[in-house]
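Every number here is computed from the coordinates shown, using simple stated rules; none is lab data. This one's a predicted model, so the numbers in the text were calculated from it and none came from an experiment. Neighbour counts run over all protein chains shown; Cβ positions are idealised from the backbone, glycine included.
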Amino acid sequence: MRTDDTSEPAAATITPYEDGPLLVRGDFALVTPDGERIDARRGTVALCRCGKSALKPFCDGTHKVVDFRAGTSREG
Amino acid sequence: MPEPADRRYGPAPLPQPRGPLSAAVTDALRRAPHDLPASLGADLDPADPLTDEDLQLTLFLCYELHYRGWRGVDEDWEWQPTLLGLRARAERPFEAALRRLVGSPRVPSAGVAAGLAELVAADDGPSLATTLQRHADLTQFREFVVHRSVYHLREADPHSWALPRLGGAAKAALVEIQTDEYGNGRLDRMHAELFRTTLGRLGLDTGYGAHLDAAPAVTLATNNVMSLFGLHRRLRGALLGHLAAFEMTSSLPNRRYGNGLRRLGFDEVATRFYDEHVEADAVHEQIAAHDMCGGLVRAEPALAPDVLFGAAAGLAVDRLFAAHLLDSWAAGRSSLRSPAPRSLSMPTTVLPSVAGGPLAGVA
Ligand code: FES
Ligand SMILES: [Fe+2]
Ligand SMILES: [Fe+2]
């Protein structure tokens, strides 16, 4: 079921990529629990979801070496 | 002809010829545009087009007219019909060699992104990255940077040829990647500029095309493959596949390159180009495989085999490049054509203390 309302696009989107990171686009801020800004350095960022990146919270490609598997939509 | 006041960004001076064909082309380019003899390159049949110095330099001479041009060369040569004819005669054995090298990669039922992932996972070439991280000395690291300077000083440009040829999702994805490659329009963040800084930190000439004479055929081939795909609309699928393979094999090696430079005593200004690519290309590879190549094939399903051909060709030529460097070093030789890359006269303070020994021979 599609749940997006295309008449009013979201300010930011988060997309799970197959067997890889979450890509965040749009108008967002990455912040620490204390509210400090984490410099994203680029408009679109990849957030690690395999847990193995040496650059967390960003993806550094390590998911490929650890054979991470994850889908692209809601599981369960 | 007009010459730019600022020569950092080209045009580069014409390189030294490497055989009869590149000699005929450089001679012709020094004069006003004129018809070349139809016999020029008519009997072209190099044993190995990918490592043929004369053929690869001839292709590079022709292609560069579409990028920054050549210093002192009339800009009308770009569309001179007989030169374009010669380029086509030189491209035929080159493209045939690429197709022989990789065959026709199978498109899996799971789609083109899965096919790209399979190609990348099966890419078991010699690990140049591991050698640079752990063992290379400063002379060898400088050689690596000299080879790569041919591309990195115009990083992203060959793939930009695809932009006007695409629409829809594939175009949006390519723009998303290229925006980052070009530093979001900020000069100091452009990847080509980050690389210029690394070159300077290593005491090497930072001028566009400064190291062409040192770059052997296989290095030129890694560039010519992008120009071949980029300058032929019919090969747009291969061009996007090439970019995807490039992005998908970048994050992990770039971590190693940066660590190699740190091991040699260089600071974070020198390693920024590599450090930036660890993070950037982890983003780019997802966009390239799923949104860009996936988007292209959703719009033009018949291009799926071309995408995988371009990816496989890029990976294969890069394996030849890596093997050349590693074999040269294992045999105690330089991997460059002229063993002393063009250096800048650098104040010694910007070089790390460990640089004294190995640099002494090439200063
Ligand atoms: S998802 Fe890429 S490193 Fe974790
Ligand atoms: Fe880049
Ligand atoms: Fe990239």
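Would you compute, from DSSP H runs of 4+ residues alone, the mean residue ellipticity of chain B at 222 nm, taking -39500 (n - 2.57) per run and dividing by the full residue count, rounded to the nearest 500? Show your work: numbers first, answer last.
Details: 16 runs with 203 residues, N = 363.
For chain B, the value works out to -17500 deg cm²/dmol.
So if I average 1/r over every pair of distinct C-alpha atoms in the range B:20-101 and take the inverse, what Kirkwood radius in Å does that give?
Working: mean 1/r = 0.0772 Å⁻¹.
Final number for the Kirkwood radius of the range B:20-101 is 13.0 Å.
Mean-square fluctuation check for chain A, GNM, Cα pairs under 10 Å: which of A:Thr13, A:Thr32, A:Thr44 is largest?
A:Thr32
Tell me, how many Å apart are the Cα centres for the range B:197-213 and for the range B:105-174?
21 Å
Give, in nm to one decimal, the length gained when the segment between B:Arg263 and B:Leu187 is fully stretched (0.36 nm per residue of separation minus the Cα-Cα distance). List each step's numbers first, then the result.
Working: separation 76, 0.36 × 76 = 27.36 nm, distance 2.86 nm.
Length gained between B:Arg263 and B:Leu187: 24.5 nm.
Mind listing which trypsin sites (Lys or Arg not before Pro) in the range B:1-77 are in a DSSP loop and have 10 or fewer other Cβ atoms within 10 Å?
On the way: sites: B:Arg7, B:Arg8, B:Arg18, B:Arg30, B:Arg31, B:Arg68, B:Arg71; in loops: B:Arg7, B:Arg8, B:Arg18, B:Arg30, B:Arg31, B:Arg68, B:Arg71.
Hits after loop and neighbour filter: B:Arg31.
Testing the spin-label approximation: label points 7 Å from Cα along Cα→Cβ at B:Arg319 and B:Arg342. State their distance in nm.
Calculated label separation equals 3.4 nm.
Where is the GNM fluctuation largest for chain A (alpha-carbon springs, 10 angstrom cutoff): A:Asp27, A:Asp60, A:Asp19?
Largest GNM mean-square fluctuation: A:Asp27.
How many percent of the alpha carbon pairs in chain A exceed a separation of 18 Å? Mind dumping the intermediate values first?
Values: 1397 of 2850 pairs.
So the pairs more than 18 Å apart make up 49 percent of the total in chain A.
Mind computing the radius of gyration and Dmax over the alpha-carbon atoms of chain B? Å is fine for both.
20.0, 58
For peptide B:284-291, what's the mean number of Cβ atoms from other chains within 10 Å of each residue's Cβ?
On the way: counts 3, 7, 10, 6, 0, 3, 6, 3.
Mean shielding by partner chains, rounded to a whole number: 5.
Which three numbers, in whole Å and largest first, are the semi-axes of the equivalent ellipsoid of the range B:160-244 derived from its Cα gyration tensor as √(5λ)?
Details: eigenvalues 139, 75, 13 Å².
Ellipsoid semi-axes (Å, largest first): 26, 19, 8.
When only C-alpha pairs under 8 Å and at least 6 residues apart count, what is the relative contact order of chain B, in percent? Walk me through the numbers on the way to the answer.
Working: 534 pairs, mean separation 88.3, N = 363.
Computed value for chain B: 24 percent relative contact order.
Cross-link partners among aspartates and glutamates for A:Lys52, C-alpha distance below 12 Å, same-chain residues fewer than 8 apart left out?
A:Asp60, A:Asp67
Where is the GNM fluctuation largest for chain B (alpha-carbon springs, 10 angstrom cutoff): B:Tyr151, B:Tyr257, B:Tyr67?
Answer for the Gaussian network model of chain B: B:Tyr67.
Please compute the volume of the convex hull spanned by the alpha-carbon atoms of the protein assembly as shown and report it per residue in Å³. Please report the intermediate quantities before stating the final value.
Details: hull volume 74.9 nm³, N = 439.
Spelled out: Cα convex hull of the protein assembly as shown, divided by residues, is 171 Å³.
Compute the whole-percent fraction of alpha carbon pairs in the range B:243-290 spaced more than 19 Å apart. Before the final figure, lay out each step's value.
On the way: 303 of 1128 pairs.
The proportion of pairs with Cα distances above 19 Å equals 27 percent.
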